[in-house]
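Asker: Let me begin by handing over the structure; questions about it come next.
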Amino acid sequence: MVDFALDHVKSIAAVAFFIRDNKCSIEDSPFYELHKEIAKHSKEIERRKVKIENLKKRTHDSLSRNSTEKSRSEAKSFDKALELNWKSAAAGLLDDHEIPKL
């Protein structure tokens with residue numbers, strides 16, 4: 001773990017010295033805007049992942065609240081039907097299968 005942290009610090013220092021020695025700023029990089037956009041979209045993806053997990057938890061909690069086995073079974077069937085409603089027919093078809101190489 002210490003080696004990883006030390007390697008990370010060395011990497012950051014190397015970049016800082018490169019920028020200082022070349023008298024440029026990070027914003028002058030031709031990749032700056034691309035990395036800025038990637039960071040923006042990455043944050044949005046993470047925010048949406050959290051939202052999805054919260055919604056899944058609410059769904060699970062709602063399914064758990066049904067008192068009888070019959071009502072839980074019906075709720076799970078509705079949940080599965082609704083989940084499939086927004087997916088394409090092929091979604092999940094090959095999830096656990098290896099595709100042979102040609």
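Asker: Just the residues that are of a type outside the set (Val, Ile, Thr) and either modelled with pLDDT of 85 or more or surrounded by 10 or more Cβ atoms within 10 Å (Cβ to Cβ) (or both), please, taken from region 11-29. Steps first, answer last, please.
Answerer: Just the residues of region 11-29 that are of a type outside the set (Val, Ile, Thr), to begin with: 11, 13-14, 16-18, 20-25, 27-29.
Answer for region 11-29, where residues must be of a type outside the set (Val, Ile, Thr) and either modelled with pLDDT of 85 or more or surrounded by 10 or more Cβ atoms within 10 Å (Cβ to Cβ) (or both): Ser11, Ala13, Ala14, Ala16, Phe17, Phe18, Cys24, Asp28, Ser29.
Asker: Can Glu53 be described as at pLDDT below 80 and open to solvent by 100 Å² or more (accessible area, probe 1.4 Å)? Talk me through it step by step, then tell me what you get.
Answerer: Working: at pLDDT below 80: no; open to solvent by 100 Å² or more (accessible area, probe 1.4 Å): yes.
It is false that Glu53 is at pLDDT below 80 and open to solvent by 100 Å² or more (accessible area, probe 1.4 Å).
Asker: Can you name the number of the only condition in (1) surrounded by fewer than 10 Cβ atoms within 10 Å (Cβ to Cβ); (2) modelled with pLDDT under 80 that Asp3 fails?
Answerer: Of (1) surrounded by fewer than 10 Cβ atoms within 10 Å (Cβ to Cβ); (2) modelled with pLDDT under 80, only one is false for Asp3: (2).
Asker: Are there any pairs with C-beta distances below 8 angstrom linking a residue in region 74-92 that is closer than 15 Å to Thr59 by Cβ to a residue that is modelled with pLDDT of 75 or more and open to solvent by less than 100 Å² (accessible area, probe 1.4 Å), with the two at least 6 apart or on different chains, and if so which?
Answerer: Correct list of pairs: Ala75/Ser62; Asp79/Thr59.
The values are calculated or read from the model by the stated rules, or taken from the named source; none is laboratory data. Remember, it's a predicted structure, so these values are computed and weren't measured experimentally. Heads up, the Cβs are rebuilt from the backbone with ideal geometry, glycines too, and the neighbour counts pull from every protein chain shown. Ligands, DNA and RNA are excluded from the accessible area calculation, which covers all protein heavy atoms including side chains. Shrake-Rupley method; radii C 1.70, N 1.55, O 1.52, S 1.80 Å.
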